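The values are calculated or read from the model by the stated rules, or taken from the named source; none is laboratory data. No experiment lies behind these values; they were computed from the predicted model shown. When we count neighbours, we look across all protein chains shown, and the Cβ atoms used for this are built from the backbone with ideal geometry, even at glycine. Only protein heavy atoms, including side chains, enter the accessible area calculation; ligands, DNA and RNA are left aside. Shrake-Rupley method; radii C 1.70, N 1.55, O 1.52, S 1.80 Å.
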Amino acid sequence: MDLQLADKRIFISGSTQGIGYAVAAACAAEGAAVTINGRDEARVAAAVSSLRATLPRGSIRGISADLSDSGEVQRLLAELGAVDVLVNNLGTFDVADFSEISDDEWRRHFDVNVMTGVRLSRHLLPSMREQRWGRIIFVGTESAVEVPGDMIHYGATKAAALAVSNGLA
């Protein structure tokens, strides 16, 4: 399939495993220069190594950074450079009774599930507009519209990320 990604620069947050890793592999197979991300440097290195083994001609690199921390986001952005496609994939979830979810847990979910995408998009959107081409994708979940009773903090923050995505669109 030709997704017209050859020579595009793509950054995928939260991409050392799962959906993010699969997106990175698909984009690299299409000829994009892919940068993956995770919090743990060893896991990022292992994911990069695995992708390179599968796609030896692919342009793949990794940057470790905890994107829930605005200082880490700034460090990542300084190292990242220009991006044509931003895939906001990073997310966290927990199963918990609503009455037992602390304010700190709510803040942590908001920082990871909403503010990560906000910070990255806010920084990368101006250059996309300037070059008159770019894409910002938020990986979503049905929990944003059908909020599970034992994951209200997750559903609420993913609904907020969906609202940010809709607003940018």
- Arg107-Ala78 FRET efficiency (beta carbon distance; Förster radius 22 Å; 0.05 resolution): 0.30
- Message: Suppose only helical runs count, i.e. DSSP H with n ≥ 4. What mean residue ellipticity at 222 nm does that imply for the chain under -39500 (n - 2.57) per run, divided by all residues and rounded to the nearest 500 deg cm²/dmol?
- Response: -14500 deg cm²/dmol
- Note on the structure: For mean projected area of the Cα convex hull in nm², with candidates (i) 9.1; (ii) 10.1; (iii) 11.1, the value calculated from the shown model is option (ii)
- Among chymotrypsin sites (Phe, Trp or Tyr not before Pro) in segment 77-169, those in a DSSP loop whose Cβ has at most 12 other Cβ atoms within 10 Å are Trp133
- Would you give the gap between the C-alpha center of segment 121-169 and the C-alpha center of segment 47-93, rounded to a whole Å? 18
- Item | Ile137 paired with Ser50, simple spin-label distance in nm, labels 7 Å along Cα-to-beta-carbon | 1.9
- Task: Take the alpha carbon atoms of segment 103-169, find their radius of gyration, then divide it by 2.2 N^0.38 Å using N residues; give the quotient.
- Result: 1.22
- Message: Mean-square fluctuation check for the chain, GNM, Cα pairs under 10 Å: which of Ile152, Ile36, Ile12 is largest?
- Response: Ile152
- Message: Leaving out ligands and nucleic acids, and using a 1.4 Å probe, what accessible area per residue does the chain come to in Å²?
- Response: 54
- Computed on alpha carbon atoms, what radius of gyration and Dmax characterise segment 1-89, expressed in Å? 12.0, 38
- Query: In a GNM of the chain with a 10 Å cut-off on Cα contacts, which of Ser143, Ser15, Ser99 has the highest mean-square fluctuation?
  - Reply: Ser99
